[in-house]
1. Residues of region 614-653 with amide nitrogen under 18 Å from the 7 Å Cα-to-Cβ point of residue 585?
2. Amide H neighbours of residue 649 under 5 Å, at least 5 residues apart or on other chains, H built in the peptide plane: list them.
3. Mind giving me the FRET efficiency for residue 543 and residue 417? R0 is 45 Å, r the Cβ-Cβ distance, nearest 0.05 is fine.
4. Whose amide H sits under 5 Å from the amide H of residue 531, counting only residues 5 or more places off or on another chain, with H placed in the peptide plane?
5. Please give the contour-minus-distance gain from residue 342 to residue 309: 0.36 nm per residue of separation, less the Cα-Cα distance, rounded to one decimal in nm.
6. To the nearest 10 square angstrom, what accessible area does residue 595 show with a 1.4 Å probe?
7. Show 431, 564 ordered by accessible area, largest first, where the area counts protein heavy atoms only and the probe is 1.4 Å.
8. Based on alpha-carbon centroids, what's the gap between region 444-489 and region 588-649 in Å, whole number please?
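The values are calculated or read from the model by the stated rules, or taken from the named source; none is laboratory data. For clarity, every value in this text was computed on a predicted model and none was experimentally measured. Heads up, the Cβs are rebuilt from the backbone with ideal geometry, glycines too, and the neighbour counts pull from every protein chain shown. The accessibility values were calculated without ligands, DNA or RNA, using every heavy atom of the protein model including side chains. Shrake-Rupley method; radii C 1.70, N 1.55, O 1.52, S 1.80 Å.
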Amino acid sequence: MAEITTTQSFADGDTVTAAKLNNIVSNASVGAEIVSNRSELTSVDGGSDFVLGIDTSSNSLRKIKPNNLTVANSITESKIVDSSISTSKIADLAVTTAKIADNAITTAKIEGTSIISSKIADGAIITVKISNNAITTDKIEGTSITTQKIADGAVTQIKLATVFTEGTSTVEGTYGSGASVPVVVVDSKGRVISASTQPISTDVTVSKFVEGTNGGGSYYYYDQSVCFIDSNNHIRVAGTGTLGKLGVGAENLNTNSVGYMIAHCPVATGQSVSKIYVGDYSLFALSSANELYSCGYNAYGELGLGDTNNRSVLTKITGISNVSDFSISKGIDLSHAIAVTTAGAVYAWGYNNYGQLGDGTNTNRTSPTLISGGALSGKTIVKCYAFGLFSYLIDSNGDVYSCGYNGHGQLGLGDTTNRSSFTLVSDRKADAIFGQGGNTSYLTGSAFILRGGEVWATGYNGVGGLGVGDAGNKSAFTKVTSLSGVNILAVSHGYTNADISCAALLSNGGIRTWGLNTHGQLGDGTTTNRTSPVTPSSTSGIVFTKIMFSGSNNQGTNFFALSDAGQMYVCGYQGRLFGNGLGVSTNRTTLQTSMQQGVAFNDFTVMGGGTNSTVLAKTSSGQLWAWGNNSEFQCGIGGGANVSTPQRAQIRY
């Protein structure tokens, strides 16, 4: 990329203002594209030039891309000798660093407006009209007439060839493999602190996907975004950041048809990102110092920031520290959050209409609220789970506590009465809890306890989603008798009527599935719902290491499984997510292998909503591959066309 070199004069500590920088390029406003400030570089085609602009509302630096770059109104660097100004015309808007002696007669003419040739006394106040921009009143300091105060005779150069961020952060970027670019540090007032040229890393890889057995899947069809943590412990995002959920200060990131994953590290200096969590319209980051940050939708205070204002950048949650576990519910837009500290304390905030925060009320909370007393007195909590309109906790002894909506017995307390305080689930211990919750339109929910390889289920049981052999609701935990040696469960989103599909990954690598099977998502070769676990077809001898559902019963459900050989298997709704080139009108009732070009994966996740889902998979070396919905460039692949087979995603600064 070509650099723009100016000769604007600055002294140490000078403030970079809009007035100064606007003089650099005369027609930046002609077809200019102001790109929302974010800490990444956009790839540049055709050698286009960029210049720097100031957002005076936030005193932050912004990138400007002029369609036709000229420097007719450039800043002159001439120092006038003998205390006189030449009679040559100076282009409109020019800024000079000319020195004028006391009482000198000036003969300079600025096009469109003349500076009268009168004697100017030292310290006199004069008014100069510069084209149509502004009337400025400047005091002559000593013997210098300038549009800003500059040390006598000083002429410096500032190179503008990169994107700058607000505050004191740096920005890295590349316009080609192995390139070097300037890295500039600016303070909160837009003043340049330092500048250097640094090489760009070309070995950025994937470190970790989002937390949760169902990945980043959303209830909402229009949620089309992805995120993960890279090898530098930065958060990478792409797609549509509806309501600010991607934390980069803008809703859409598909402004460049090249397609790429961008990076930002939102946590405090000296910290890194260790885990990320997603809600339907929100993103949460846990830092290496065990502090929480949040952004996105906040109508009920679910961001925990003390108000109900949405955020488009990740913001630190105060009032809680040393977080060891966290959970955010998914329920269209009725989310609540629960966090556990290293000391075993519980905090909750967000939507609370059914008492799901466990604080003894039905009042929404906008800040972390300590949940204590009652059944939790003297208990050390180690795990927390937020499911739609109800919640669960596990203490250090394995005891289980629940609260919130209980209309179908999903709290496992033997009745259907709601609870606004956490209540002990008698005679039941847990290693982990899985489930899905409804929302105010579909007041349902189911929960599963995993203990010593055994599975117990309670709550809504339409079409046999609990796997206990019938389709009747259960208000107390009932054993799934045909399952043993279970390592982990996967539960689909229910949404309409909360009919769910479920799967269990066994310790020997086998899979069992049950529940809703409308699209063949159980992989047993049929579309028959199952009230008890079955073995998917053609899986004998395959050792699986990870399982996951995407979508929901009204938006199309898919089941995903990864083998120890690194092969992806997919079945269920339509063909886009199968990764084998099938069209979007073809359901499959048996597990299909993805076309991976000989590449083995060791982890994957599914993000987005329903048929708008995108699959992300990584290799043992951290390479990222993607397929599925790419309409918002969330596959990291240009063009915006959906991707039907795994393709290498572009990760770059």
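1. Within reach of a label on residue 585: 642, 644.
2. Sorted by chain and number, the residues that satisfy this are 624, 625, 626.
3. After rounding, the FRET efficiency stands at 0.55.
4. 515
5. Extra length available between residue 342 and residue 309 comes to 9.0 nm.
6. For residue 595, solvent-accessible area is about 100 Å².
7. Result, largest first: 564, 431.
8. The distance from the Cα centre of region 444-489 to that of region 588-649 comes to 31 Å.
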